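The values are calculated or read from the model by the stated rules, or taken from the named source; none is laboratory data. Small disclaimer: the values here were computed from a predicted structure and weren't measured. Cβ: placed from backbone, ideal geometry, glycine included. Neighbour counts: every protein chain shown. Side chains are part of the model used for accessible areas, which takes the heavy atoms of the whole protein and leaves out ligands, DNA and RNA. Shrake-Rupley method; radii C 1.70, N 1.55, O 1.52, S 1.80 Å.
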Amino acid sequence: MSAALPVTPELRRGLPLWLLLELTYRCPLHCVFCYNPTEFAATGAELATADWIRVLREARALGAVQLGLSGGEPLVREDLETIVAEAHALGYYINLITSGVGLTEERIRALKAAGLDHIQLSFQDSTRELNDFLSSTRTFELKARVAELIRKYDYPMVLNVVLHRLNIDHVGEILAMAERMGAGYVELANTQYYGWAWLNRAHLLPSRAQLERAEAVTREFRARVAGRMDVYFVVPDYFETRPKACMNGLGSVFLAITPDGTALPCHAARMLPGIDFPNVREHDLRAIWYDSAAFNHFRGEAWMKEPCSSCPERQRDFGGCRCQAYLLTGDAANADPVCELSPHHHLVTAAVAQAERAADGAARAPLIFRDHRISIAVEPRR
């Protein structure tokens with residue numbers, strides 16, 4: 001039997017097994033819950049094809065195996081097929097995360113030939129009216145046609161619907177739509193409150209009663225379709241008492257590259273103050289992943305404050321979400337306020353209470369749709 005490989009300091013820091021390339025912030029949709037940064041209009045120019053291919057090669061050399069292609073809408077990139085072909089040649093498992101806008105039969109045929117493994121198609125709701133309202137587009141019928149193309153080209157039918165107060169009562173109808181479309185996988189992903197969803201939280205956070213009804217409907221549907229469909233229901237953090245192990249700890253397994261080449265340890269980390277995130281135009285990925293101050297900032301436990309630093313769960317939940325801690329408390333090093341042990345947990349319970357009351361102020365405030373013509377600096381609540 002061969003000897004085990006030595007555990008080097010580099011291996012202790014983990015490998016970027018999961019690579020997310022946000023190829024563009026351009027998108028034909030204007031979703032009110034979009035996780036893209038609210039200041040995306042002020043970011044730099046998109047990487048060129050050659051840069052993306054270099055990133056793919058460097059990440060694969062570091063051990064990356066799972067590749068997500070997202071945006072914005074990745075289909076607006078005319079070089080998408082070239083990027084997919086290179087990723088396929090390198091041995092990635094490639095997932096396209098798309099609204100479906102721009103996925104013609106010609107393009108899906110070309111993507112299939114290039115080696116694309118998986119397509120995740122998003123809907124905003126089961127009805128044309130709310131689907132189109134939430135994205136400020138007329139795309140419901142287009143998405144239905146794209147779903148037919150996905151089946152025609154023998155891709156697994158994977159649907160994603162972001163849930164929130166405005167559509168969570170339609171979960172039964174959403175699941176029925178997915179069943180009619182022949183979906184094998186459905187992700188009901190309750191909104192996570194970053195980016196544009198953070199700006200619209202007062203409109204989007206559901207009540208506990210809504211959440212419990214939706215979970216009950218999902219359980220009943222899941223039991224009925226067992227063996228035919230897999231249904232994943234992702235609960236919003238605000239209704240938990242323990243934080244999620246965000247990205248399995250920052251700088252552990254996940255690496256995101258934004259359209260302008262900024263490297264991030266989670267897709268929302270760009271908002272964190274006081275951290276100079278490196279750019280792939282200037283640094284290779286090995287140096288970024290292992291040596292940069294940004295990727296080492298929240299690794300390990302040295303950064304932790306109480307109650308995290310002495311918590312027996314700290315190696316399981318890693319203190320929770322750094323972006324959530326920043327947005328809710330103003331300090332990214334604080335314990336995630338979702339945790340009931342956090343001294344800031346009352347900020348989460350207050351937000352849930354506001355959702356329960358459907359406060360008049362929240363009802364009067366306008367929804368803010370994702371718009372490339374505006375750039376909004378997100379201020380944390382303290």
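Tabulated data for the structure shown
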{"item": "Residues of segment 109-141 that turn out to be under 23 Å from the mean Cα position of the chain (by Cα) and assigned to a helix (DSSP H, G or I), as a count", "result": "8"}
{"item": "Search result, residues across segment 123-155 that are touching a helix residue (DSSP H, G or I) at 6+ places or on another chain (Cβ under 6 Å), over 13 Å from residue 178 (Cα atoms) and hydroxyl-bearing (Ser, Thr, Tyr)", "result": "153"}
{"item": "Check on residue 287, among the hydrophobic types (A, V, I, L, M, F, W, C), without any contact (Cβ under 8 Å) to a residue 12 or more places away in the chain and either under 30 Å from residue 54 (Cα atoms) or touching a Lys or Arg at 6+ places or on another chain (Cβ under 6 Å) (or both)", "result": "yes"}
{"item": "Qualifying residues in segment 279-322 (those that are buried (at least 16 other Cβ atoms within 10 Å of the Cβ) and among the aliphatic types (A, V, I, L, M)) - the one farthest from the chain's Cα centre (by Cα)", "result": "304"}
{"item": "Count - residues of segment 186-211 that are more than 20 Å from the chain's Cα centre (by Cα) and buried (at least 24 other Cβ atoms within 10 Å of the Cβ)", "result": "0"}
{"item": "Filter result (open to solvent by 10 Å² or more (accessible area, probe 1.4 Å) and either touching a Lys or Arg at 6+ places or on another chain (Cβ under 7 Å) or under 30 Å from residue 180 (Cβ atoms) (or both)) within segment 250-271", "result": "250, 262"}
{"item": "Among the candidates 75, 56, residue that is in contact with a Phe, Trp or Tyr (Cβ under 9 Å, 6 or more places away or on another chain), buried (at least 20 other Cβ atoms within 10 Å of the Cβ), touching a residue at least 24 places away in the same chain (Cβ under 8 Å) and assigned to a helix (DSSP H, G or I)", "result": "56"}
{"item": "Failed item in (1) open to solvent by 20 Å² or more (accessible area, probe 1.4 Å); (2) of a type in the set (Asp, Glu); (3) within 23 Å of residue 270 (Cβ to Cβ); (4) in contact (Cβ under 8 Å) with a residue 60 or more places away in the chain, with residue 356 passing the rest", "result": "(3)"}
{"item": "Failed condition for residue 276, given (1) touching a residue at least 40 places away in the same chain (Cβ under 8 Å); (2) in a loop (DSSP other than H, G, I, E, B)", "result": "(1)"}
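Let's see how each residue does on (1) without any contact (Cβ under 8 Å) to a residue 40 or more places away in the chain; (2) out of contact with any helix residue (DSSP H, G or I) (no Cβ under 8 Å at 6 or more places or on another chain); (3) on the phi > 0 side of the Ramachandran plot:
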position: 211; (1), (2), (3): no, no, no
position: 220; (1), (2), (3): yes, yes, no
position: 226; (1), (2), (3): yes, yes, no
position: 263; (1), (2), (3): yes, no, no
position: 281; (1), (2), (3): no, no, no
position: 307; (1), (2), (3): yes, yes, no
position: 318; (1), (2), (3): no, no, yes
